[in-house]
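The structure appears below as structure tokens.
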Amino acid sequence: MGNCQRSRCSSSALGPSYARLDDLVRSAPFLKLVSAITGIPDLLYDPHYFGGGTHDNRQGQGLDAHVDFNRHPVTHSHRRLNLIVYLNRNWQADWGGVLELHRDPRADDDQVTRVLPGWNRAVVFETTESSWHGFTPISLPAAEADRSRRSIALYFYTRERPSAELADTHSTIYVNPPLPARLVTGRVLSEADVGELRQLLKDRDQHIQRLYGEAQAMQARLENSLLKLGLERGSRLYRMLLWLRRRLRGQSSGRG
């Protein structure tokens, strides 16, 4: 599987164990069992393993609280369920990498449930507009520096979903963590404080850069579509459609 995204992974290339796992999760009895456990009928296996598969996280890596993309980019089916299996023997909580399930990471009174990514532990949760989750930065002791946080992520879909749960198609939505509680007025910043602040700013900038990239890609697709319709750049109708698009975007964000 290998954390594949846009094409079908060859699980056999990773060994017979992965091939057997792939055979299992695509089978009708397994999908029926997971549907019975979760109450989500007619679950679909993802042959593309988009965003899923094997994950191997190293020293310093973490994952900010987020909700996942809600539609499959190829099949356009609805993402409904995450099933994560952890493969870390004797993993310690103070090493980081702890899964965090948030009530609302934007709220001051956010409630968080934490799960140690221990050996053969599986976590199953729905993919909704409020299924916020992430994991704490990995901070391994020197004696364990060669270790990594390993997991297999399996995502399941349905062709339809309840109308009350429908939302506009979106990519993964991240929320940056708040400033550490220890940073208060009058505190003299230590070297560790400055390092953490720099990392927080770096993570924020990466999220912003990703969003800029998505906006540019959308603009390029729009322009290509208009050109395919025979509209030349600079023509009156072309300019009118671009103006209308900007106007609608401004209204949806509360401007003008």
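In this entry, the chain is assigned a mean projected area of 19.3 nm², taken as a quarter of its C-alpha convex hull surface.
Quick check: residue separation of D109 and L179 times 0.36 nm, minus the Cα distance between them. What number comes out in nm? Could the numbers behind the result be given before it?
Working: separation 70, 0.36 × 70 = 25.20 nm, distance 1.46 nm.
Stretched out fully, the D109 to L179 stretch lengthens by 23.7 nm.
Under 20 Å from a point 7 Å along the Cα-to-Cβ line of R210: which residues of the stretch 166-187 have their amide N that close? Residues 167-179 fall inside that zone.
Evaluate E = 1/(1 + (r/R0)^6) for K32 and T172, where r is the Cβ-Cβ distance and R0 equals 25 Å; express this FRET efficiency to the nearest 0.05.
Working: r = 29 Å, r/R0 = 1.15.
Computed FRET efficiency for K32 and T172 comes out at 0.30.
Among W91, W243, W132, whose mean-square fluctuation peaks in a Gaussian network model of the chain (Cα, cutoff 10 Å)? Comparing W91, W243, W132 in the GNM, the peak value goes to W243.
Modelled spin-label separation between A164 and D42, with each label point placed 7 Å from Cα along the Cα-to-Cβ direction: 1.9 nm.
Springs between alpha-carbon atoms under 10 Å, Gaussian network over the chain: tell me which of L229, L140, L154 tops the mean-square fluctuations. Its mean-square fluctuation being the largest, the pick is L229. Centroid-to-centroid, using Cα positions, the stretch 86-127 and the stretch 148-195 are 12 Å apart. Normalised by the number of residues in the stretch 65-192, the mean separation of alpha-carbon contacts (under 8 Å, six or more apart) gives a relative contact order of 39 percent.
All distinct Cα pairs of the stretch 49-182 go into the 1/r average, and the inverse of that average, the Kirkwood radius, is 15.9 Å.
Comparing V123, V188, V175 in a Gaussian network model of the chain (Cα springs below 10 Å), the most mobile by mean-square fluctuation is V188.
Expressed as a rounded percentage, what relative contact order does the stretch 1-122 have, with Cα pairs under 8 Å and six or more residues apart? All intermediate terms of the calculation are to be shown ahead of the outcome.
Numbers: 137 pairs, mean separation 26.0, N = 122.
It comes to 21 percent, rounded to a whole number.
With a 1.4 Å probe and all protein chains left in place, how much accessible area per residue does the chain have, in Å²?
Details: 16140 Å² over 256 residues.
Using a 1.4 Å probe on heavy atoms only, each residue of the chain averages 63 Å².
Can you give the extra length, in nm with one decimal, that the chain gains between A217 and L116 once fully stretched, where that is 0.36 nm per residue apart less the Cα-Cα distance?
Gain on stretching A217 to L116: 32.6 nm.
In deg cm²/dmol and to the nearest 500, what is the mean residue ellipticity at 222 nm of the chain if only DSSP H runs of at least 4 residues count, each as -39500 (n - 2.57), divided by the residue total? Walk me through the numbers on the way to the answer.
Details: 4 runs with 77 residues, N = 256.
Per the formula, -10500 deg cm²/dmol.
The values are calculated or read from the model by the stated rules, or taken from the named source; none is laboratory data. Since we're looking at a predicted model, the values are computed, not measured. We place every Cβ from the backbone using ideal geometry, glycine too, and count neighbours over all the protein chains shown. All accessible areas refer to the heavy atoms of the entire protein, side chains included, with ligands and DNA or RNA removed. Shrake-Rupley method; radii C 1.70, N 1.55, O 1.52, S 1.80 Å.
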